[in-house]
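Here's the structure, in structure tokens; my notes come after.
The values are calculated or read from the model by the stated rules, or taken from the named source; none is laboratory data. From a predicted model like this one, the values you see are computed outputs, not experimental measurements. When we count neighbours, we look across all protein chains shown, and the Cβ atoms used for this are built from the backbone with ideal geometry, even at glycine.
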Amino acid sequence: MTIPFLDLKRQYLAHQQELDAAMRDVVESTAFIGGEKVAQFEMAFAKAIGVKHCIGVGNGTDAIYISLKMLGIGPGDEVIVPCNSWIATSETITQAGAKVVFADVEADHFTIDPADIERKITSRTKAIIPVHFHGNVADMRAITAICQRHGLLLIEDCAQAHFAQHNGKNVGTFGQAATFSFYPGKNLGAFGDGGAVVTNDDALAKNMLRFARHGALNKYDHTIEGINSRLDAIQAAVLSIKLRHIQDWTESRRHNAALYGQWLSDVPQVKLPVERTGGSHVYHLYVIRCLEDRDGLKTYLLAKGIDSMLHYPVMLPLLDAYGHLGHSSSDFPMAFAHQQQILSLPMFPELREDEVRTICSAIREFYKT
Ligand SMILES: *Cc1c(COP(=O)(O)O)cnc(C)c1O
């Protein structure tokens, strides 16, 4: 591949010495689970996001499950989620014993549509999980208002949107709890699996920590049954180093997005991603909509050595896993329209200007602009 979709090696090589040293520290101390490195990262991340508590957990999926369980969501409850997301957002609701209710997404922003949330609310609705999808913030002004009006819990799925903002506030600070993934390909990525839950609620923080540690805040004092979900020390050490660079990396992503915008804005067959007004998009993914022959473009780019992807090729309600809900594409017209059009172009902080130019030239050639 001449231009990869994502090249994690460039970031590693640019910071190899400090990353290697941080990992070596952990190995030499043999404090692999818990300990100082984990506590340091949790504190630094909470401070950077602007919340009181951060609890490192095994991955971003566990983070959602732990939040749901400790917010008391279970059998008889309904939780509303966007119909276009990674399946972690919805499968954890089922695992908690509650019912998944899908809502359509907004045309330009790809995030959950507040108007469709309103239509999906019933007497059993307990919570909403908006996803800051592709790194673009969901409409938190409208969603927090809906939650207040109907007395609903709010859990933000921030897996794709570390340090995205809405009206000057970081995502992760709007609801009772918020969840992050540190999967290697995420904007803040570990060298393996990792995740976190954050909250300003002291009691909830304690309960989430206890649940993620086999139900015991102190060794052998199991007041409940829990699960085993931990951020390990090597991941925490890597993440602490990377946290120092995340603002620069976000700026680079935004710069690359601006270049795409500049060089593709006059291609009539391409609709560019739209940053929410008052929001700051962190471009985990750069997803264009092809109004003509998306699959042809993808093949054309591939022949030129340019990788691209689909996020996600089939919306959640149409997957076999949700066949029992009996949905059809007409239940989610906007997401279904997107499904035929979306194409994720290469996007990462180290992607070079000449590479973005090459990608844009190829797209222009294909559409004969
Ligand atoms: C990646 C992701 C998750 C889950 O994260 P893992 O760390 O892979 O478990 C959850 N929600 C969304 C939207 C994601 O993109």
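Computed values, structure above
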{"read-out": "Single residue of L301, L319 found to be at pLDDT 95 or above and surrounded by fewer than 17 Cβ atoms within 10 Å (Cβ to Cβ)", "value": "L319"}
{"read-out": "Single residue of I129, I143 found to be within 10 Å of the ligand (Cβ to nearest atom) and over 11 Å from the mean Cα position of the chain (by Cα)", "value": "I129"}
{"read-out": "Residues that are closer than 21 Å to Q40 by Cα and either over 26 Å from the mean Cα position of the chain (by Cα) or not in a helix (DSSP H, G or I) (or both), drawn from the range 1-17", "value": "H15, Q17"}
{"read-out": "So A190, is it modelled with pLDDT of 95 or more, small (G, A, S) and in contact with a helix residue (DSSP H, G or I) (Cβ under 6 Å, 6 or more places away or on another chain)", "value": "yes"}
{"read-out": "Checking R210 against (1) under 19 Å from the mean Cα position of the chain (by Cα); (2) surrounded by 15 or more Cβ atoms within 10 Å (Cβ to Cβ), the condition it does not meet", "value": "(1)"}
{"read-out": "Search result, residues across the range 188-238 that are in contact with a Ser or Thr (Cβ under 7 Å, 6 or more places away or on another chain) and either among the hydroxyl-bearing types (S, T, Y) or within 15 Å of the ligand (Cβ to nearest atom) (or both)", "value": "G195, V197, A212"}
{"read-out": "Verdict on I234 being in contact with a helix residue (DSSP H, G or I) (Cβ under 6 Å, 6 or more places away or on another chain) and either free of Cβ contacts under 8 Å to residues at least 40 places away in the same chain or of a type outside the set (D, E, K, R) (or both)", "value": "yes"}
{"read-out": "In the range 293-325, the residues that are among the aliphatic types (A, V, I, L, M) and closer than 15 Å to V267 by Cβ", "value": "L297, L301"}
{"read-out": "Output for the range 264-315, where each listed residue is touching a Ser or Thr at 6+ places or on another chain (Cβ under 7 Å), among the hydrophobic types (A, V, I, L, M, F, W, C) and part of a loop (DSSP other than H, G, I, E, B)", "value": "V267, L272, V282, L285, L310"}
{"read-out": "Condition check for I224: surrounded by fewer than 24 Cβ atoms within 10 Å (Cβ to Cβ), touching a residue at least 40 places away in the same chain (Cβ under 8 Å) and over 20 Å from the mean Cα position of the chain (by Cα)", "value": "no"}
{"read-out": "Cβ pairs under 7 Å, 6+ apart, first in the range 53-64 and closer than 14 Å to R210 by Cα, second more than 7 Å from the ligand (Cβ to nearest atom) and of a type in the set (F, W, Y)", "value": "C54/F45; G56/F41; A63/F180"}
{"read-out": "Flag if I241 is out of contact with any Lys or Arg (no Cβ under 8 Å at 6 or more places or on another chain) and within 16 Å of the ligand (Cβ to nearest atom)", "value": "no"}
{"read-out": "Criterion (small (G, A, S), more than 10 Å from the chain's Cα centre (by Cα) and on the phi > 0 side of the Ramachandran plot) met by exactly one of G185, G168, G195", "value": "G168"}
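Matching residues to (1) more than 16 Å from the ligand (Cβ to nearest atom); (2) under 30 Å from K206 (Cβ atoms); (3) hydroxyl-bearing (S, T, Y); (4) modelled with pLDDT of 95 or more:
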position	(1), (2), (3), (4)
A63	no, yes, no, yes
K69	no, yes, no, yes
V79	no, yes, no, yes
N84	no, no, no, yes
A103	no, no, no, yes
P114	yes, no, no, yes
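Let's see how each residue does on (1) basic (K, R); (2) on the phi < 0 side of the Ramachandran plot:
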| site | (1), (2) |
| --- | --- |
| L325 | no, yes |
| S329 | no, yes |
| M334 | no, yes |
| H338 | no, yes |
| E350 | no, yes |
| E353 | no, yes |
| R357 | yes, yes |
| S361 | no, yes |
| K368 | yes, no |
